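What follows is calculated from the coordinates using simple rules that are stated; it is not laboratory data. Since the structure is predicted, the reported quantities are computational estimates derived from the model, not experimental observations. Reconstructed Cβ throughout: ideal geometry from the backbone, glycine too, with neighbour counts over all protein chains shown.
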Amino acid sequence: MTPGLSQQPQEAADAAPPELSLVIPVYNESAGLDALFERLLPILAAAASFEIVMVNDGSGDDTLPRLLQRQQAVPQLRVIDLSRNFGKEAALTAGLWHCRGACAITLDADLQDPPELIPQMLDKWREGYETVVAVHAERNTDTFLRRVFSHAFYFLLNAVSDMRFVPNAGDFRLLDRVVIEAFLSLPERTRYNKGLFAWVGFRQHLIEHERPLRASGASSFGFRRLLRLAVEGITSFSSFPLRLWTYIGMLIAGASFFYGSYILLRTVVFGIDVPGYASLIVAVMFFGGINLLSIGVLGEYVGRIFMESKQRPLYVVRRLHEPGPAGALPPARRR
Ligand code: UDP
Ligand code: MG
C-alpha cells in the first residue's frame, strides 16, 4: 500500500543504501536551518554512512530554496517537497517512505531533539533494539497548562486503549528497517504515529534526555492542533468512548426503573401529586445533553470511517530534489 502520491526515485534506489537515514519534517524552519546543519553534520560524519531526508511540508518562507542551496554542499541531502502543508505526521510518513537507510532516525528541525543523542541511539540499535525512543525527562520547557494536558492525555490514552504508551516520548526515535516497513504497511489514513509505532511492536529501548527550548521560530502546535491530535490518538486506538455510552445508558435506565417504581408506588399510596415542573425540566435537559454528547462521539467515529473510506493518499509530492547531476526528478505520479 502506498501511503502517499509520489514516485520512488530510480537513481537513488540504485545507489548503495546508507546505514542511517535522518528524516526531518520542516515547516517554516528557515531561520534555524543553518544551526541545525552545523550541529548535525559533524555528529553524523563521525557516526555512520548516512543520508538526510528533509520533507518540506508546504513552508511559506524560504525553507525550500535554502535547503536546495545547502544541497550543493551536502551531497547526502535529499529534499522532498510536498505540494502543501499536510501536517507533521504526514510529512514524517513521506520521509520514511522515501528513506533508504538500514535504520532511520526521525527528529524535529528546531533542535529540540538534541542530535548528540544519535550515536547513543545507534549503539543501542547495533545491540539489537529495533526501536530507540528518546523520552523527555520532564517537560519543564513546556508551559504549565501544556504539561497538565499532556499528563491527562497519556493517563486517558493508557486507560482506554489496550496498548502501553510511553508518556513524554516525542517523535525523536530510531527505527530499524523492519519497523519502517511495518509502519508503512499500515493502511489507515488517520495517522497517530506514536500509536502506530506502539502497535507494530518490536524491541524498544528508551533514552531519557532533557528537552531544550526551540532554537528559533515558534511551535506550530497550538492548543487546537494538540487537542485534535489527542482526539485522533484516542479514537484511533480505542473504541472505549463508544462503549462508554452503553454503560451510561445502562446506568440511567437502571436508575429510572427504580425511580419509576418509586413514583408508581407513591402515586398508589398517596394519590396524584401535580407539582414537579422543575425536576421535569432538569431531567429533560440532562437527557438531551447526554443524547447530544453520545451522538457527538458517534459522529467522531463515523467521521473517521468517512475519511478512511475516501482512500486518499496521505500527502502529495510536488518534487523530489535529489542531489547530484540527476537534480530534480519529474513531478509526482501515482505508482
Ligand atoms: N512540522 C511540520 N509540519 C507542520 C508542523 C510542524 O513538518 O505542519 C515540523 C516542524 O518543522 C518541526 C517539527 O515538525 O521540525 C515539530 O514542530 P514544532 O516544533 O512546531 O512542534 P513542537 O516541538 O512544539 O511539538
Ligand atoms: Mg518543536
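DSSP beta bridges fully contained in the chain are about 35 percent antiparallel. Expressed as a whole number of Å, what is the distance separating the alpha-carbon centroids of segment 269-300 and segment 177-242? A separation of 39 Å, based on Cα centres.
Sorted largest first, the principal axis extents computed over the alpha-carbon atoms of segment 151-204 equal 32, 22, 17 Å. What is the log10 of I(q)/I(0) for segment 123-174, computed with the Debye formula using one identical point scatterer on each Cα and no solvent, at q = 0.32 Å⁻¹? At q = 0.32 Å⁻¹ the computed log10 ratios are -1.19.
Filter the trypsin sites (Lys or Arg not before Pro) in segment 162-209 to those in DSSP coil with at most 11 other Cβ atoms within 10 Å of their Cβ, and list the result. Hits after loop and neighbour filter: ARG164. Orientation-averaged projection of segment 66-130 equals 5.6 nm² [convex hull of Cα atoms, one quarter of hull surface area]. With the biggest extent put first, the Cα atoms of segment 152-311 measure 76, 35, 32 Å across the principal axes.
Compared with the dominant principal axis of the Cα atoms in the chain, helix 88-98 is inclined by about 40°. Each principal axis of the Cα atoms in segment 138-231 has its own extent, and those three values, largest first, are 36, 29, 23 angstrom.
Here is the P(r) of segment 229-317: all C-alpha pair distances, binned every 10 Å from 0, give 13, 30, 23, 16, 11, 5, 2, 0 in whole percents.
Can you tell me how much longer the chain between LEU186 and ASP62 gets when fully stretched, taken as 0.36 nm per residue apart minus their C-alpha distance, in nm with one decimal? Kindly include the intermediate steps, with their values, before the conclusion.
Details: separation 124, 0.36 × 124 = 44.64 nm, distance 3.33 nm.
Stretched fully, the LEU186-ASP62 segment lengthens by 41.3 nm.
Over the C-alpha atoms of the chain, the Rg to Rh ratio, Rh being the Kirkwood estimate, stands at 1.12. Can you list which of the trypsin sites (Lys or Arg not before Pro) found in segment 256-325 are DSSP loop residues with at most 11 other C-beta atoms within 10 Å? In loop regions of segment 256-325 (DSSP not H, G, I, E or B), the sparsely surrounded trypsin sites (Lys or Arg not before Pro) are LYS310. Quick one: helix 277-309 against the long Cα principal axis of the chain, what's the angle to the nearest 10°, folded into 0 to 90? Value to nearest ten degrees: 30. Per-residue ellipticity at 222 nm computed for the chain from its helices equals -16000 deg cm²/dmol, with DSSP H segments shorter than 4 residues left out and the rest contributing -39,500 (n - 2.57).
The calculated FRET efficiency for the pair GLU210 and THR246, based on their C-beta separation and a Förster distance of 41 Å, comes to about 0.40.
Relative to the longest principal axis of the Cα atoms of the chain, the long axis of helix 144-160 lies at roughly 70 degrees.
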